[in-house]
Amino acid sequence: MGSSTKFHHADHVNYSSTLSKEEILEQLLLSYEGLSEGQVNWVCNLSNASSLIWHAYKSLGVDVNWAGFYVTQGSEENTMLLGPFQGKVACQMIQFGKGVCGTAAFTRETQIVPDVNKYPGHIACDGETKSEIVVPIISNDGKTMGVIDIDCLDYKGFDEVDKEFLERLSKLINKSCVFK
Ligand code: SME
């Protein structure tokens with residue numbers, strides 16, 4: 001009784017089809033802020049973040065096949081380990097400077113890759129992936145704590161709008177998570 005009017009956790013990813021790309025990505029940020037309130041555990045927060053990303057892009061009609069995180073926590077220096085994600089099994093370890101993720105981690109700059117076949121050193125966890133965006137998560141003292149990685153089955157899956165919103169998400173993650 002009354003359950004139809006109650007807002008459930010899963011309702012965060014029920015994006016309306018009438019919303020624009022900017023509105024959906026704005027909703028993603030608001031949901032992340034709401035869900036991470038009072039929670040500093042990075043596994044917990046990044047798990048929900050990967051679900052928010054996955055469903056936001058599916059709602060936008062972007063055929064994402066992987067959405068998740070690589071983190072420096074628990075790994076050797078200048079290396080990242082697989083973190084929470086949505087999608088198929090992926091490689092567990094990426095060194096700084098290697099692939100798209102390692103390049104974003106090393107340069108601390110977002111990488112937009114419209115065609116992964118043209119990216120020297122791209123690490124193909126899934127041969128079906130055509131394009132990718134990777135956004136670094138930078139601590140207040142300038143260290144890379146990890147990266148947000150989203151893969152797409154189509155070429156040119158991501159643009160400057162994605163970069164803008166995902167960099168905002170990255171800042172919210174840095175603010176909300178304790179990486180230890
Ligand atoms: N393609 C990435 C590796 C991670 S998987 O795509 C999940 C890269 O080149 O860094």
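Quick notes on this structure:
- A search for C-beta distances below 9 Å between a residue of the range 112-138 that is under 13 Å from Val64 (Cα atoms) and more than 7 Å from the ligand (Cβ to nearest atom) and any residue that is among the small types (Gly, Ala, Ser) and in a loop (DSSP other than H, G, I, E, B), counting only pairs 6+ apart in sequence or on different chains, returns Lys130/Gly157; Ser131/Gly157; Ile133/Gly157.
- One residue stands out among those in the range 61-70 that are surrounded by fewer than 22 Cβ atoms within 10 Å (Cβ to Cβ) and in contact (Cβ under 8 Å) with a residue 40 or more places away in the chain: the one that is nearest to the ligand (Cβ to nearest atom), which is Asn65.
- None of Gly97, Gly74 is at pLDDT below 95, more than 8 Å from the ligand (Cβ to nearest atom) and either over 16 Å from the mean Cα position of the chain (by Cα) or of a type in the set (Phe, Trp, Tyr) (or both) except Gly74.
- Test: residue in the range 140-151 that is farther than 23 Å from Ser59 by Cα, hydrophobic (A, V, I, L, M, F, W, C) and touching a residue at least 60 places away in the same chain (Cβ under 8 Å): yes
- Condition check for Asp162: within 12 Å of the ligand (Cβ to nearest atom) and not β-branched (Val, Ile, Thr): no
The values are calculated or read from the model by the stated rules, or taken from the named source; none is laboratory data. The shown structure was predicted, so the numbers you read here are calculated from the model rather than taken from an experiment. A quick note on method: Cβ atoms are made from the backbone with ideal geometry, for glycine too, and the neighbour counts reach across all protein chains shown.
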